[in-house]
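Asks: There's a structure below that I have some questions on.
The values are calculated or read from the model by the stated rules, or taken from the named source; none is laboratory data. This one's a predicted model, so the numbers in the text were calculated from it and none came from an experiment. Quick reminder, even Gly has a Cβ in these numbers, built from the backbone with ideal geometry, and neighbours come from all protein chains shown. The area values use the complete protein model at the heavy-atom level, side chains included, leaving out ligands, DNA and RNA. Shrake-Rupley method; radii C 1.70, N 1.55, O 1.52, S 1.80 Å.
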Amino acid sequence: MTARNDFNGTISDWLDEQAGPGAPDYLDEILVRTTRTRQRPAWSSLERWLPMQTTFSARLAPIPRVAWFVVLLAMLALAAVALIAVGVGQRRVPHFGAAANGQFAFVDGANLRVSAADGTNVRLVSAFSSPIEQLSFSPDGTLMAYRTTGASPAIVVAAADGSGPRVLVDGLSIATGDPIAWSPDSRRLAFTRLVDGDSIGTIDIVNADGSHLTQLVRDQTAETHQRSAPQWSPDGQWIAFLSTEANGYVAVNVVRPDGSDAQQLATSTINPDFPVVRWSPDPAKRQLVYVAGDYVKVFDLVTSTESTIQPGQWPSWSPDGTRLAWYGDGSQVVSLTGSGSRAGDARPIQLFSSHAIGYCNSFPNAPANISCGPIEWSPDGVWVFSADAKGTSILVAHSDGTGAVRTVPLAHSVWEDGGSFGRIAWQAIAP
C-alpha cells in the first residue's frame, strides 16, 4: 500500500468514526472514485480565482436603480432601431393640414415646366409630341403623375422634378379628361379605364411602380354605363367615384380599396358638365364636395345629409378642410366654419375680378385678373391659383382676398388643348 492509500484509509476510518452507525455503506466507494477522478482545469471555473465574498455577494446583491435605468434605455433604443428598420423605404402619410410650398408645375402647350413657389425661375422639364393632362404631385411630394393624350394615352409617373418618367399603363382604353387619384400614402393611383367598346367604365388601381394593376369596380348591370372620377379618401379607407345610370342620373358612390362595401350615396344628381367629386382633407369629417345642378354642395357621410353652399363650378377644399374655393361670378372662397356652413349663410370672398358666368373661352378680350376654370390651393393654404380668362397666364392670389394678384405668363394659350383642367399643380412638402 502506498502512502497515498494509507492516507485515504486514515481519512476513511476517521469519517466512519465521526459518522457513527448511520454512515452509508458506499462511502468507501465514493472516496476511492474521488482519487481516480482528474481535477477540472483552472480555466473551466474562473470564479475560483476571485475572492469568495466577491462572487457570492454579487449573486445576491440587488441591482442598483441606475442599472435598471440603463437597461430600460437600452431596450428603448433597440425598439427604436427596430421601428426604423421596419420603416425603411416606406413613405409616410403626410401630416394633415397645411404643408410647405414646393415647386410649381404647369403645362404650357406641349411643354411641362416648373418654377419656384413664387412663379419665378421657370424652366423646361419635358417637351411632348402630344398634350398632357391631369398633372398632380403625390401627397408626400416625391413623385409627379400625368397622362398623355396622344394616339395611345398613357399614365406616367416621374420624380418630382419631372426626371425619370416611366409609363404605368397605356392604351386606347385609358380614359382621358378624368382625374388620376393618388392614395394618401403615395403608393398607388386610381384611374378610369374604358372597356367593351367604351360602353362601360371601370375604376382600376395600379402601384406607383407600375405593378399590381387591378380592376376595382366594374359595372355588372345594364343600368349603369360608366364609372369615373375616382378620388381617394384622406384616411385611405374609401374611394369615391361617379356612376352614370341609364336614366342619365349621375350618382356619387364609395367603395373600399379592396372592392368591398360598394354603396351609392343619397346625393342630388351630379351636373354632368362638372363630373368631379372631392373628399374633404379632414379625415374626421368624411365630407364630399361636388356640383349638383348649378350649385356647389357638400355631402356628409356621417350624418347622410347634403348641404347647398353657393352657385358655382369646380369646387376645391383648402388644405385644412375649413374653406372651399370655386369658380362663379369670379373665383371665390367661402369659410365652412361657423355661419358659413349652410345655404344662405355663406359669405364668399372675391379672389379675382368679377364677371358674369360664361364659357371660359368666350373672354378673348377679357381684362386682366379675371380667372376662368378650376381653382386650386397652395399647399400652405395661403394662395389660390387658376388660369386667366384669356388663357395666357396663371393667376395666383391670396386666399383671403388681400394683396395684389401675381401672374405666371404662358407661351401658349391653355385653350389650345382644352383648357387649364388638370394642367397646373403645386408640390406639397409635408412637415
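Asks: Among the candidates SER130, SER126, which residue alone is polar (S, T, N, Q), part of a strand (DSSP E or B) and without any contact (Cβ under 8 Å) to a residue 60 or more places away in the chain?
Replies: SER126
Asks: Identify all residues within the range 227-255 that are among the aromatic types (Phe, Trp, Tyr) and open to solvent by 30 Å² or more (accessible area, probe 1.4 Å); write none if there are none.
Replies: In the first step, residues of the range 227-255 are kept if they are among the aromatic types (Phe, Trp, Tyr); the result is 232, 238, 241, 249.
Scanning the range 227-255 gives a single hit, TYR249.
Asks: Please go through the range 266-295 and pick out each residue that is within 26 Å of the chain's Cα centre (by Cα), among the hydrophobic types (A, V, I, L, M, F, W, C) and surrounded by 17 or more Cβ atoms within 10 Å (Cβ to Cβ).
Replies: PHE274, VAL276, VAL277, TRP279, LEU288, VAL289, VAL291 - these are the residues of the range 266-295 that are within 26 Å of the chain's Cα centre (by Cα), among the hydrophobic types (A, V, I, L, M, F, W, C) and surrounded by 17 or more Cβ atoms within 10 Å (Cβ to Cβ).
Asks: Can you find, within the range 401-413, the residue that is surrounded by the most Cβ atoms within 10 Å (Cβ to Cβ) among those that are on the phi < 0 side of the Ramachandran plot and without any contact (Cβ under 8 Å) to a residue 60 or more places away in the chain? Talk me through it step by step, then tell me what you get.
Replies: If we filter the range 401-413 for residues that are on the phi < 0 side of the Ramachandran plot, which is where we start, we get 402, 404-413.
If we keep only those that are without any contact (Cβ under 8 Å) to a residue 60 or more places away in the chain too, we end up with 402, 404-405, 409, 413.
Details: THR402: 8, ALA404: 9, VAL405: 16, PRO409: 11, SER413: 19.
In this case the residue turns out to be SER413.
Asks: Determine whether ALA428 is modelled with pLDDT of 80 or more, open to solvent by less than 20 Å² (accessible area, probe 1.4 Å) and outside any loop (DSSP other than H, G, I, E, B).
Replies: Considered against the rule, which asks whether it is modelled with pLDDT of 80 or more, open to solvent by less than 20 Å² (accessible area, probe 1.4 Å) and outside any loop (DSSP other than H, G, I, E, B), ALA428 comes out as no.
Asks: Have a look at SER152, SER129, SER138, SER163 and point out the one that is open to solvent by less than 30 Å² (accessible area, probe 1.4 Å), at negative phi and hydroxyl-bearing (Ser, Thr, Tyr).
Replies: SER138
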